Amino acid sequence: LAILGTLCINLSGQSVGDRAFHRHAMDVLSGAGPSVCQRICLEITETAAVTNMADAAVFTEMARTLGVQIALDDFGAGASSFGYLKSLNVDVLKIDGSFIRDLVDDPLDDAAVRCFVDVARVVGVKTVAEFVDRGEVLSRVREIGIDYAQGYLLHKPEPLEKLLGTLTFPLHS
């Protein structure tokens with residue numbers, strides 16, 4: 001049996017900008033306690049963050065005080081991605097799949113991804129390669145030094161109930 005390490009939850013742009021959602025989420029997370037919060041990573045897309053930068057910054061800081069990790073999803077897809085790293089305190093950069101998909105075939109994608117990884121190291125955050133669907137892409141992701149990968153090569157989407165049925169949860173951390 002596996003133990004769930006981290007559960008990543010995608011937040012919509014509407015949620016990121018909704019202060020009522022912020023209050024509700026903070027209430028739920030506070031009630032869940034530190035052992036649960038430390039296993040949660042909230043994913044916010046660049047687009048959502050930019051549209052609601054002030055709200056996103058406040059929300060992410062509140063969540064981080066509870067031990068929740070924050071990922072900036074689809075990194076690189078926006079026109080001024082690096083600037084967001086000065087405004088949002090995040091733990092993870094999820095490199096947009098449009099750069100990963102052709103990583104081994106397109107020298108520009110390779111250069112961009114290496115740049116993203118270098119920037120992530122400078123600011124002290126982990127990296128995730130999205131859309132890893134071929135073995136050679138996974139090999140290149142490893143060579144570049146990306147910390148984590150996701151995609152159909154590693155696991156296809158499935159209902160949460162099915163996934164949770166195969167996992168055990170420690171009662172205390």
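The values are calculated or read from the model by the stated rules, or taken from the named source; none is laboratory data. Being a predicted model, the structure only gives us computed values, none of them experimental. Ideal geometry is used to build each Cβ from the backbone, glycine not excepted, and the neighbour counts take in all protein chains shown. Areas reflect the complete protein model, heavy atoms only, side chains present, ligands, DNA and RNA absent. Shrake-Rupley method; radii C 1.70, N 1.55, O 1.52, S 1.80 Å.
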**Study point:** Estimated dipole of the chain in Debye, rounded to 20 [Cβ of Lys and Arg +1, of Asp and Glu -1, Cα centre]
**Key:** 540
Review point. Anyone know which of PRO159, PRO107, PRO34 comes out most mobile in the 10 Å Cα GNM of the chain?
Key: PRO159
Study note, to complete from the structure: Result for region 34-116: accessible area per residue, probe 1.4 angstrom, in square angstrom, of 42
Review point. Of all accessible surface on the chain at a 1.4 Å probe, what whole percent is carbon and sulfur?
Key: 57
